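Take a look at the structure set out below.
Nothing in this text is a laboratory measurement; each read-out follows from the coordinates by a stated rule. No experiment lies behind these values; they were computed from the predicted model shown. Quick reminder, even Gly has a Cβ in these numbers, built from the backbone with ideal geometry, and neighbours come from all protein chains shown.
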């Protein structure tokens, strides 16, 4: 899984972390959350270094590269987000999430760990 997908998965797991779930499912989600959070922290530290390196300012969700090296900054950020992560995650069956309200967008974010009930 590439780091871009790890960041997305983190958002999906955050949407579930405080939901009332069966203990087995809650354990899988908590375990995955911890592993993903650790991986995101490493990548975020590197992202912050790039932001300092290229003197980037974020204003109203817009990025301004004050060093004038937008192309180089974007290339390095893309390289970071395309890095492969080797974290091993626990899969969750769709029926384990029955009975809780989940937005379709959250389901999309969780795709890497979701399995059909018959798998």
Notebook entry, point to check: Between residue 91 and residue 60, what is the spin-label point distance in nm, taking each point 7 Å from the Cα along the Cα→C-beta axis?
Noted result: 4.6
Notebook entry, point to check: Ranking 52, 47 by Cβ neighbours within 10 Å, fewest first, what do you get?
Noted result: 52, 47
Margin query: Is the C-alpha gyration tensor of segment 1-98 telling us rounded, prolate or oblate? Criteria: a/c under 1.5 is rounded; beyond that, a/b larger than b/c is prolate, otherwise oblate.
Written below: prolate
Margin query: Let me make sure I get this right: for segment 58-111, a, b and c are the square roots of the gyration tensor eigenvalues over alpha carbons, sorted descending. Under 1.5 in a/c it's rounded, otherwise prolate if a/b > b/c, else oblate. Which is it?
Written below: oblate
Notebook entry, point to check: Can you sort 25, 106 so the residue with the fewest Cβ neighbours within 10 Å comes first?
Noted result: 106, 25
Next item on the list: Return one number: the angle in degrees, 0 to 90 and rounded to the nearest 10, between the long axis of the Cα atoms of helix 70-81 and the longest principal axis of the Cα atoms of the chain.
Entry: 30
